[in-house]
Amino acid sequence: MSAPAEASAAPADDLSAFIERDGHGTASLNLLVNGVHCAQCIATIERAMRAEPGVVDARVNLTARRLRLAWRDGAADPGALVGSLDRLGYPAVPYSPAALSGAGRREEAGLLRALAVAGFAAGNVMLLSIAVWAGGPSGMAESTRTLMHWISALVALPAIAYAGLPFFRSAIGALAARRVNMDLPISVAVCITAAISLAELLAERPDVYFDAALMLLFFLLVGRYLDLRTRGAMRSTAENLAALAAEPATVLRPDGVRELVPARAVRPGSRVLVAAGERIPVDGDILSGRTVIDRSLLTGEAVPEAAMPGDRVYAGTVNAGDPVTLSAIAAGDGTLLNEIVRLAEAAEQGRSAYMRLADRAARLYAPVVHGLALLAFAGWWGFGGLPFRDALLIGVAVLIITCPCALGLAVPAVQVVACNRLLRNGVLVKAGDALERLAAVDTVLLDKTGTLTFGRPEIVGRDALRDEDLLLAASLAGASRHPLCRSVLRAAGPAPVREDVREEVAMGLAAGSGENEVRLGNRAWCGAPGSGGGSPGGPELWLRRPGREPVRFRFADRLRPDAAAFVQWLKRQGFAVELFSGDRVPAVRSAAESLGIDAWKAGARPADKLARLDALKQAGRRVLMVGDGLNDAPSLAGADASISPAAGADLAQTAADIVFQGERLESVAIAMRTARRARRLVFQNFALAAAYNAFAVPLAVAGHVTPLIAAAAMSASSIAVTLNALRLGRAGRSPFA
């Protein structure tokens with residue numbers, strides 16, 4: 001459905017600043033398209049744009065009303081593409097969250113005004129109609145009845161002309177573009193009902209239908225307004241995240257002067273000062289200062305995490321501790337925050353098999369419904385013996401009641417709500433059909449290091465270590481980026497770093513000299529006897545200080561805190577669980593036994609994981625792969641569905657369908673549960689839409705439905721489907737509860 005333009009299309013010269021180029025010969029442009037309301041609008045725009053010379057892809061996001069165009073650089077004129085959209089009846093401007101917000105407010109205000117006019121007029125005309133109906137049996141004078149009908153006409157006709165504008169403009173725009181849309185039969189139905197009423201009034205007949213025409217418009221506007229508000233509520237959380245990119249950053253210039261600049265203008269390598277309580281404006285590494293970071297916006301975890309020099313922090317998170325200075329590595333569109341925005345929108349506008357089915361059904365709407373309405377009219381008039389007026393009203397009712405809005409909303413409403421629900425829990429859905437495939441899995445193949453574990457060494461037996469030993473070790477470890485040293489720092493907490501620390505290659509760290517020398521390094525260099533009384537194997541550091549026995553720090557890659565609960569949940573849900581890892585046998589066996597996993601394999605190379613994946617598929621299993629490393633990327637790409645932690649290798653995240661933030665595997669369980677609930681809701685929505693049409697259409701064709709009842713039924717079906725999808729957005733109990 002096309003609506004009036006809220007803004008005119010930008011000239012071609014003005015679009016150059018909004019065009020993105022990927023360096024491989026493809027250019028892209030994001031546009032805010034006015035008047036997109038349904039699946040047929042999406043199909044019309046995408047089909048028309050893909051037919052333009054040079055265009056390689058066109059994808060519309062219904063919730064954000066964003067059209068992403070991609071074309072071979074130099075093979076298409078973006079200004080001409082925008083002009084084509086305008087001629088099609090969908091004016092477009094360069095996309096921005098502010099433009100979307102402004103256009104949404106204007107459209108909502110316009111619909112609310114139209115709704116108020118229709119409701120006011122319908123109420124008054126209905127009062128007059130009741131008086132006519134009540135006075136008929138008692139012999140109301142014909143002159144009185146005619147007077148009331150004329151008053152009804154004087155109230156109704158201007159109200160219909162104004163309240164019907166959202167539909168009339170859309171229908172006229174569609175006809176001007178030589179196409180039909182869902183607003184055309186609605187406009188025809190309203191106009192025919194009003195015209196019949198006026199004709200009856202001029203002929204001084206007793207029956208007019210001004211009340212029906214107004215109530216028809218009122219119910220349609222109620223449905224349109226509630227749909228707009230609901231889509232606003234479902235609007236991607238990523239849109240709200242994108243607004244954070246406008247926050248300014250405090251840049252420290254080389255001369256020490258502080259300069260407040262837009263976050264997008266910060267260049268890599270710039271020093272950025274982040275005060276306590278401020279939101280971090282860029283991605284960067286901490287240069288100085290120790291603090292705690294609230295990452296809940298990105299990970300969904302409420303507990304802030306400690307951060308120290310060398311740690312990476314991301315735009316959108318909050319500095320909940322002391323001031324820190326960052327070295328910027330990415331700003332604006334290059335930040336993790338904006339990457340989440342892009343991927344989330346790509347998932348929302350992706351086409352699952354269910355959505356493609358709904359789109360095809362909605363695309364058949366116009367020819368089918370016009371044909372059915374014409375047949376109903378012709379049948380009742382030509383063969384049923386009804387007067388022209390009554391047969392025409394039956395055709396009007398068929399036009400209204402067969403609107404496939406419920407079918408068009410059945411899938412995208414669920415998909416948008418599901419993606420936003422997961423994003424709030426730190427889970428990013430990258431592929432449009434990821435949830436559909438995830439809902440079908442019955443086997444889960446798990447990696448160990450970085451997936452079931454944190455993928456980083458942590459001190460074992462912290463309680464057995466003396467605080468003074470740990471703080472002394474941390475005073476040396478702070479001068480190194482070695483993973484074991486970082487683990488010592490995490491365990492010790494804030495500690496001053498000695499300035500005289502020096503690194504001995506392949507040995508460790510030392511401070512002081514002669515008899516006062518303190519060492520932190522390997523066993524032989526620190527003079528530790530034997531194994532130090534501990535169990536052999538595994539990474540370790542030794543601390544040697546004058547006059548004391550060397551102290552041993554043992555490290556292990558700890559399991560995630562909810563790994564055992566996650567595996568037990570998988571088993572309770574009926575999933576087959578296997579552990580495949582490239583790690584050593586003792587480490588994999590220990591993890592498998594701790595978690596209760598019977599099927600496991602150690603020393604697995606990428607080819608081994610792929611072979612097991614193929615064997616499971618050949619056995620008819622549908623496999624979810626959860627992994628984080630480079631060696632997991634082939635399996636992640638080849639599985640029926642795949643999930644990777646955000647801390648995993650870039651290649652793994654690229655290959656995965658879903659990426660989860662934070663340290664808890666509960667996010668994976670939430671994604672799996674949400675996928676299954678989404679599938680159930682899609683089927684329920686299809687059933688609701690099918691039941692509505694199976695019940696309502698025969699009644700309309702049989703002449704048992706007036707235009708007024710048809711409008712109420714059509715609006716109710718759309719609202720029911722949307723509200724059913726919104727049930728998915730409610731926060732439920734933890735899967736492990």
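When you go through (1) buried (at least 24 other Cβ atoms within 10 Å of the Cβ); (2) at pLDDT 85 or above; (3) farther than 27 Å from A556 by Cα one by one for V414, which number turns out not to apply?
Against the list (1) buried (at least 24 other Cβ atoms within 10 Å of the Cβ); (2) at pLDDT 85 or above; (3) farther than 27 Å from A556 by Cα, V414 comes up short only on (2).
List pairs: first residue in segment 160-183 and free of Cβ contacts under 8 Å to residues at least 40 places away in the same chain and outside the structural domain of A121 (by TED's automatic domain parsing), second residue surrounded by fewer than 19 Cβ atoms within 10 Å (Cβ to Cβ) and in a helix (DSSP H, G or I) anywhere in the structure, Cβ distance under 7 angstrom, at least six positions apart or on different chains.
none
Report yes if some residue within segment 684-694 is closer than 30 Å to L392 by Cβ and buried (at least 23 other Cβ atoms within 10 Å of the Cβ); otherwise report no.
yes
If you take the residues in segment 115-149 that are over 15 Å from L217 (Cα atoms) and among the polar types (S, T, N, Q), which one is modelled with the lowest pLDDT? Break it down into steps so the answer makes sense when it comes.
Of segment 115-149, the ones over 15 Å from L217 (Cα atoms) are 127-149.
The next check asks that each one be among the polar types (S, T, N, Q); those that pass are 129, 138, 143-144, 146.
On the way: S129: 81, S138: 59, S143: 81, T144: 83, T146: 85.
Among residues in segment 115-149 that are over 15 Å from L217 (Cα atoms) and among the polar types (S, T, N, Q), the one modelled with the lowest pLDDT is S138.
Residues that are modelled with pLDDT of 85 or more and small (G, A, S): list the helices (runs of 4 or more DSSP H) wholly contained in segment 1-107 that include at least 2 such residues.
Numbers: elements: 12-15, 39-50, 78-88.
Because the criterion is at least 2 residues that are modelled with pLDDT of 85 or more and small (G, A, S), the helices (runs of 4 or more DSSP H) in segment 1-107 that meet it are 78-88.
Does R290 satisfy being at pLDDT below 85, outside the structural domain of R421 (by TED's automatic domain parsing) and charged (D, E, K, R)? Don't jump to the end; show me each part of the working.
On the way: at pLDDT below 85: yes; outside the structural domain of R421 (by TED's automatic domain parsing): yes; charged (D, E, K, R): yes.
Yes; evaluated as a whole, the condition is true for this residue.
So, A720, is that one assigned by TED's automatic domain parsing to the domain that holds L399 and over 27 Å from K448 (Cα atoms) or not? Explain how you work it out, then say what you get.
Details: assigned by TED's automatic domain parsing to the domain that holds L399: yes; over 27 Å from K448 (Cα atoms): yes.
In short, yes.
Every residue, every condition in (1) within 30 Å of R589 (Cβ to Cβ); (2) among the aromatic types (F, W, Y); (3) modelled with pLDDT under 90, yes or no:
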| position | (1), (2), (3) |
| --- | --- |
| E458 | yes, no, yes |
| D463 | yes, no, yes |
| R466 | no, no, no |
| L471 | no, no, no |
| G478 | no, no, yes |
| H482 | yes, no, yes |
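Restricting attention to segment 64-87, does a residue exist that is β-branched (V, I, T), in contact with a helix residue (DSSP H, G or I) (Cβ under 6 Å, 6 or more places away or on another chain) and not assigned by TED's automatic domain parsing to the domain that holds R179?
Step one: list which residues in segment 64-87 are β-branched (V, I, T), which gives 82.
Filter once more, keeping what is in contact with a helix residue (DSSP H, G or I) (Cβ under 6 Å, 6 or more places away or on another chain): none.
Within segment 64-87, none of the residues are β-branched (V, I, T), in contact with a helix residue (DSSP H, G or I) (Cβ under 6 Å, 6 or more places away or on another chain) and not assigned by TED's automatic domain parsing to the domain that holds R179.
List the strands (runs of 3 or more DSSP E) that sit entirely inside segment 568-667 and contain at least 3 residues that are in the same structural domain as A439 (by TED's automatic domain parsing) and under 26 Å from V313 (Cβ atoms). Walk me through it before giving the result.
Details: elements: 576-580, 599-601, 623-626, 641-645, 658-660.
Because the criterion is at least 3 residues that are in the same structural domain as A439 (by TED's automatic domain parsing) and under 26 Å from V313 (Cβ atoms), the strands (runs of 3 or more DSSP E) in segment 568-667 that meet it are 641-645, 658-660.
If I go through segment 586-606 residue by residue, how many of them are in contact with a strand residue (DSSP E or B) (Cβ under 7 Å, 6 or more places away or on another chain) and either small (G, A, S) or loosely packed, with under 12 Cβ neighbours inside 10 Å (or both)?
5
Assuming R312 fulfils every condition listed in (1) at pLDDT below 85; (2) closer than 25 Å to H482 by Cβ apart from one, which condition is it?
(1)
Provide a single number: the residues in segment 452-486 that are among the β-branched types (V, I, T) and touching a Leu at 6+ places or on another chain (Cβ under 8 Å).
Within segment 452-486, residues that are among the β-branched types (V, I, T) and touching a Leu at 6+ places or on another chain (Cβ under 8 Å) number 2.
Which of the strands (runs of 3 or more DSSP E) found entirely inside segment 431-520 contain at least 2 residues meeting this: touching a Phe, Trp or Tyr at 6+ places or on another chain (Cβ under 8 Å)?
Values: elements: 443-446, 453-460, 502-504, 508-511.
Hits in segment 431-520: 443-446, 453-460.
Is it fair to say G450 is under 30 Å from G603 (Cα atoms), small (G, A, S) and assigned by TED's automatic domain parsing to the domain that holds P606? Walk me through how you get there before you give the answer.
Details: under 30 Å from G603 (Cα atoms): yes; small (G, A, S): yes; assigned by TED's automatic domain parsing to the domain that holds P606: yes.
Judged against the criteria, G450 is a match.
The values are calculated or read from the model by the stated rules, or taken from the named source; none is laboratory data. Quick caveat: nothing in here was measured; it's all calculated off a predicted structure. Note that we place each Cβ from the backbone using ideal geometry, even for glycine, and neighbour counts take in every protein chain shown.
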